[in-house]
Each structure stands twice: as structure tokens, then as C-alpha cells.
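In what follows, a single structure is set out as C-alpha cells and then discussed.
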Amino acid sequence: KRLLLPVSYWRAAEFAFVGRELNLPPDSRVLDLGSPKDLALFLALRRNYEIVAVDILPDAIEISERFAQAQGRSGAGAGYVKSEVQDGRALPYADNTFDAAYSVSVLEHIPDAGDSTAISELVRIVRPGGRIAVTVPYDRQYRETFVRGRVYDRDLGERTFFERHYDDATLQTRLLSVANAHVDRLELWGEGPISGERILSALGSARTLVSPLEGAMAATLLRRVTSRKDRPMAAFFTLVKNHD
């Protein structure tokens, strides 16, 4: 699957945003909170960052470790990925430990006020001036999705929280108004008249056949939303930790 689809449609735009925002010198120490596991390895290989990749799910950390081991990049130090099971709401690292942090399509899945707690934790563990790049779903009106059965680390039976789509107000109150940090960049991303997401979903299992083209589709169809005619689907933002 990874050979055919190294980076999927939305991930292509999200990964590119993180890459642009974390323009750090080699040897920088960076925390990855729960993101798709190939991004950590890419940043270690191409940027020579020291990546600590954490996730609440042991299975996800096993995948992260397998990716890193396959490239001989599992471990600590510049150019390596250290994978750990951790809860983003209570990270065990000391204040000002990392040069930067990122989280791709994760915070929206943390129930209750966990998203706000997690973003505060990311601010706490980066050094003053450190950047935190985040992507989350967005819509013009806030909404939450619930499903039946297990979601990640929890199973509440009939009604288990799955994810939230932020709007302007909830994005501001839940994620952007965090103590000791300020917003350096905020972009809304989505699609125009042609929806690549709908095209790919309609293909069903045949999507595998066109999967090598998804990165090119993302570059062509996903865009920064600047007009009411566009359909906003995600918010990409970067916080910078304030200097004391």
C-alpha cells in the first residue's frame, strides 16, 4: 500500500504545510503528536531532525517503529525517530524540551476538552520561539460526529465521539487562544468546483488504481480558501511560543 500510495490526497497538503512551517536547522528536536507515521520518518531522513513520535495507541507506535527500523532510523538523535506510547493530554516531557512540534489531523479526535489540553501541552514542551504546526477539519458551522463502537482508545457502545469540525468561533476558543503563545499563521484549505475527495470516494476499491496520482490531484485541486465560492474543509495553523 505504501508503495502505491506514499502520501494520500489530503495528507499531501497537510505534510507540505508542516514542512513549510517547520523550517528548522538540522539536528532540531521535534515532537510529533499522533500524526500519520510516514511524516516523522520523512523529516528525520530529509531534514536530519530528531523526531520523538508519540501516539496513544500501541498499534500506531508499532507501525512508527517498523517504518523507522526499515530505514535504519529507529532511536534517539539527529536523523532518527524515537516512537513512544504517550497521551497528548499529559506529556511526560519537561518544559521547553523541544525546538518545535506538529500534529496532523489529531486534535479533532480527542473528546471533551482534550483538544485544548493537548494544544496547551504542545506549547508547554516547546522552547520559547518554538513553532507548533497543526491541521484540523473545518467547516463554516461547528459539528461533531459520533459512531457506534470503538474509536481509537475508547468504546462507549452506542455513542462514541469520533471527531469535531471546527468553525471560526470554536477554532479560536479551543485551539488558538492558548496561554503563552500567539498565532503566527492561519489558513483555511479546501476545494473549488471540482472535488477530488468526492471523486476518490466514488471510486471505491478502484481508488487503488489511481492512488499514485493522489499527490498530483492534491496539488491541483486543494487550495487555500480565499473566496466564499470555495468549500473550506480544513484549518492549518501555526502557533509560536512567547518569549518570557
Item to check | Karplus-derived 3J(HN,Hα), 6.51/-1.76/1.60, for each residue of segment 116-126, Hz, glycine and proline x | outcome: 5, 5, 5, 5, 5, 5, 5, 5, 4, 8, 8
Checklist entry - So who's got an amide H within less than 5 Å of the one on K82, skipping anything under 5 residues away but keeping other chains? H placed 1.01 Å off N, in plane. => result I51, V52, A53, G75
Checklist entry - With the radius of gyration and the Kirkwood radius both derived from the Cα set of segment 106-241, what is their ratio Rg to Rh? => result 1.01
Checklist outcome for this item: Of all DSSP beta bridges with both partners in segment 75-219, the antiparallel percent, nearest 5, is 50 percent
Checklist outcome for this item: Per 5 angstrom bin, beginning at 0 and ending with the bin that holds the maximum distance, the Cα pairs of segment 168-241 fall in percents of 3, 14, 19, 18, 14, 13, 10, 6, 3, 0
Checklist entry - Once you charge only the Cβ atoms, +1 for Lys and Arg and -1 for Asp and Glu, what is the size of the charge dipole of the chain about its Cα centre, to the nearest 20 debye? => result 680 debye
Next on the checklist: Cα atoms only: what Rg and Dmax, in Å, come out for segment 75-154?
Outcome noted: 14.6, 43
Item to check | Placed amide H near R185: partners under 5 Å, 5+ positions off or other chain | outcome: T238
Item to check | In Å², nearest 10: area of M217 left accessible to a 1.4 Å probe | outcome: 40 Å²
Checklist outcome for this item: Among beta bridges assigned by DSSP with both residues in the chain, the antiparallel ones amount in percent, to the nearest 5, to 55 percent
Item to check | Residues whose placed amide H lies under 5 Å from that of F162, excluding near-sequence neighbours | outcome: T145, F146, V147
Next on the checklist: Could you tell me the relative contact order of segment 180-244? Use alpha-carbon pairs under 8 Å, at least six residues apart, and round to a whole percent.
Outcome noted: 64 percent
Item to check | Kirkwood-based shape ratio for segment 40-92, expressed as Rg/Rh from alpha carbons | outcome: 0.97
Checklist entry - Can you give the charge dipole size of segment 133-225 about its Cα centre, rounded to the nearest 20 debye, using +1 on the beta carbon of Lys and Arg and -1 on the beta carbon of Asp and Glu? => result 120 debye
Checklist outcome for this item: Expressed as a whole-number percentage, the relative contact order of the chain with C-alpha contacts under 8 angstrom and at least six residues apart is 21 percent
Item to check | Karplus-derived HN-Hα couplings along segment 29-38 (A = 6.51, B = -1.76, C = 1.60, θ = phi - 60°), whole Hz, x at Gly and Pro | outcome: 9, 10, 9, 10, 9, x, 5, x, 6, 6
Checklist entry - Using a cut-off of 16 Å between alpha-carbon atoms, which aspartates and glutamates can reach K241, once sequence neighbours fewer than 8 places away in the same chain are excluded? => result E21, D95, D99, E121, D184
Checklist entry - Expressed in nm to one decimal, what extension gain is obtained for the pair S120 and R198 from 0.36 nm per residue of sequence separation less their Cα-Cα distance? => result 24.6 nm
Checklist entry - What number in nm² do you get for the chain if you take the convex hull of its Cα atoms and divide its surface by four? => result 13.3 nm²
Checklist entry - Rg and Dmax of segment 22-152, using alpha carbons, in Å: what are they? => result 14.8, 45
Next on the checklist: Counting only other residues whose beta carbon sits under 10 Å from that of G88, what net charge do I get with K and R as +1, D and E as -1?
Outcome noted: -3
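The values are calculated or read from the model by the stated rules, or taken from the named source; none is laboratory data. All values reported here derive from a predicted model rather than from experimental measurement. In this analysis, Cβ positions are derived from the backbone assuming ideal geometry, glycine residues included, and neighbour counts consider all displayed protein chains. For the accessible areas, the whole protein counts, side chains as well, though only heavy atoms, and no ligand, DNA or RNA atoms are used. Shrake-Rupley method; radii C 1.70, N 1.55, O 1.52, S 1.80 Å.
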